[in-house]
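Asks: One structure, as structure tokens, below. Some questions next.
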Amino acid sequence: EHKYIVADLSTEAGQDKIAQELSSQKYNILINNAGVGTVGKFTEVPLEKQLSMLRLNNEALVKLAYAFLKKAQSGDALINLSSTLAFLPMPGLGLYCASKAFVTSLSESLWYEFKDRGVYVMGLCPGITSTNFQTHSGGRKEDLPANLAQTPEQVVSVALKALKARSNPTVISGVKNVIFAALTRAMPRKSTVSMMGSRMS
């Protein structure tokens, strides 16, 4: 008794298709999970590929969140998938990091706006996750530090626990990622950028 809808969320038509569904039907939870990255120096990655990423990571997320929250009632929840890279710039992934900083900031603002209505908004920030994301983004799987990787199931477990508690607007998945995010935010920005740039090179 479930259904699925096929739509390319990197296109306006695809976004409108799902937004119309959210506007016409009642849903209790929306998980904005669609996203992609682009790996490479800023001017070496085709511009259209980067703009397509922004349409998917940001524009689609905004449109769907808007349609969902317009009808959201007490007890409903919105989960926006962000990333621990929202907290630090990473040369070679600069626009992706910026797109996730956007998602995290927006989610935090929406959490405050809707909490008095009983609607919970979460910005979920996983770290490295064992999926095909890296290779689909143009990177190499072997470049990922295996000791920091989580399984999708581990990320989901953290998300469900946070969804039950409904207390934090930003949820970082994994103790190592929590520590890493805290350390990078405490470091001088120049040091953070230099450290992350050296990893990419």
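The values are calculated or read from the model by the stated rules, or taken from the named source; none is laboratory data. Since the structure is predicted, the reported quantities are computational estimates derived from the model, not experimental observations. Here Cβ is always computed from backbone atoms with ideal geometry, including for glycine, and neighbour counts include all displayed protein chains. What goes into the accessible areas is simple: the full protein's heavy atoms, side chains included, and nothing from ligands, DNA or RNA. Shrake-Rupley method; radii C 1.70, N 1.55, O 1.52, S 1.80 Å.
Asks: Please work out which one of (1) at pLDDT below 95; (2) over 17 Å from Ile31 (Cβ atoms); (3) open to solvent by less than 20 Å² (accessible area, probe 1.4 Å) is the condition Ser99 fails and give its number.
Replies: All conditions are met except number (1).
Asks: Let me ask another. Please go through region 116-130 and give me each residue that is at pLDDT 95 or above, surrounded by fewer than 23 Cβ atoms within 10 Å (Cβ to Cβ) and of a type in the set (Val, Ile, Thr), ordered by number.
Replies: Listed by number, the list holds a single entry, Val119.
Asks: Among what's in region 1-15 and is of a type in the set (D, E, K, R) and open to solvent by 90 Å² or more (accessible area, probe 1.4 Å), pick the residue that is farthest from Ala34 (Cα to Cα). Before the answer, list the steps.
Replies: Filtering region 1-15 down to residues of a type in the set (D, E, K, R) leaves 1, 3, 8, 12.
Imposing the further condition that a residue be open to solvent by 90 Å² or more (accessible area, probe 1.4 Å) reduces the set to 1, 3, 12.
On the way: Glu1: 24, Lys3: 18, Glu12: 14 Å.
For region 1-15, the residue satisfying everything is Glu1.
Asks: Test of understanding: among Glu142, Glu113, Glu153, which residue is at pLDDT 95 or above, assigned to a helix (DSSP H, G or I) and open to solvent by 30 Å² or more (accessible area, probe 1.4 Å)?
Replies: On the way: Glu142 fails: at pLDDT 95 or above; Glu153 fails: at pLDDT 95 or above.
Testing whether each residue is at pLDDT 95 or above, assigned to a helix (DSSP H, G or I) and open to solvent by 30 Å² or more (accessible area, probe 1.4 Å) leaves just Glu113.
Asks: Right, next: Run down Lys63, Lys161, Lys70 and say which single residue is under 26 Å from Arg185 (Cα atoms) and either among the charged types (D, E, K, R) or modelled with pLDDT under 95 (or both). Spell out the reasoning first.
Replies: On the way: Lys63 fails: under 26 Å from Arg185 (Cα atoms); Lys70 fails: under 26 Å from Arg185 (Cα atoms).
Just a single option satisfies the conditions, and that option is Lys161.
Asks: If you don't mind, another one. Restricting to region 185-201, name every residue that is open to solvent by less than 70 Å² (accessible area, probe 1.4 Å), at pLDDT below 80 and either closer than 18 Å to Lys41 by Cβ or not hydroxyl-bearing (Ser, Thr, Tyr) (or both).
Replies: Correct list: Met187, Met195, Met196, Gly197.
Asks: Follow-up question, since we're still on this one. How about region 1-33: which of its residues are assigned to a loop (DSSP other than H, G, I, E, B), without any contact (Cβ under 8 Å) to a residue 24 or more places away in the chain and polar (S, T, N, Q)?
Replies: The first filter runs over region 1-33 and keeps only residues assigned to a loop (DSSP other than H, G, I, E, B), leaving 1-11, 25-28, 33.
From what's left, without any contact (Cβ under 8 Å) to a residue 24 or more places away in the chain: 1-8, 25.
Within region 1-33, just Gln25 meets the criteria.
Condition check ((1) more than 23 Å from Ser157 (Cα to Cα); (2) hydroxyl-bearing (Ser, Thr, Tyr); (3) open to solvent by 10 Å² or more (accessible area, probe 1.4 Å)) across all residues:
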| position | (1), (2), (3) |
| --- | --- |
| Ala60 | yes, no, no |
| Lys63 | yes, no, yes |
| Phe87 | no, no, yes |
| Leu95 | yes, no, yes |
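Asks: Where residues in region 160-184 are farther than 20 Å from Tyr112 by Cβ and open to solvent by less than 30 Å² (accessible area, probe 1.4 Å), which of them is nearest to the chain's Cα centre (by Cα)?
Replies: Among them, the one singled out is Ser173.
Asks: Identify, by number, the condition in (1) aromatic (Phe, Trp, Tyr); (2) in contact with a strand residue (DSSP E or B) (Cβ under 8 Å, 6 or more places away or on another chain); (3) under 29 Å from Ile179 (Cα atoms) that Phe68 doesn't meet.
Replies: It is condition (3) that Phe68 fails.
Asks: Just the residues that are among the small types (Gly, Ala, Ser), part of a helix (DSSP H, G or I) and under 16 Å from the mean Cα position of the chain (by Cα), please, taken from region 34-74. Reasoning before the result, please.
Replies: As a first pass, look at region 34-74 and keep what is among the small types (Gly, Ala, Ser): 34-35, 37, 40, 52, 60, 65, 67, 72, 74.
Filter once more, so that each one left must be part of a helix (DSSP H, G or I): 52, 60, 65, 67.
Those that are among the small types (Gly, Ala, Ser), part of a helix (DSSP H, G or I) and under 16 Å from the mean Cα position of the chain (by Cα): Ser52, Ala60, Ala65.
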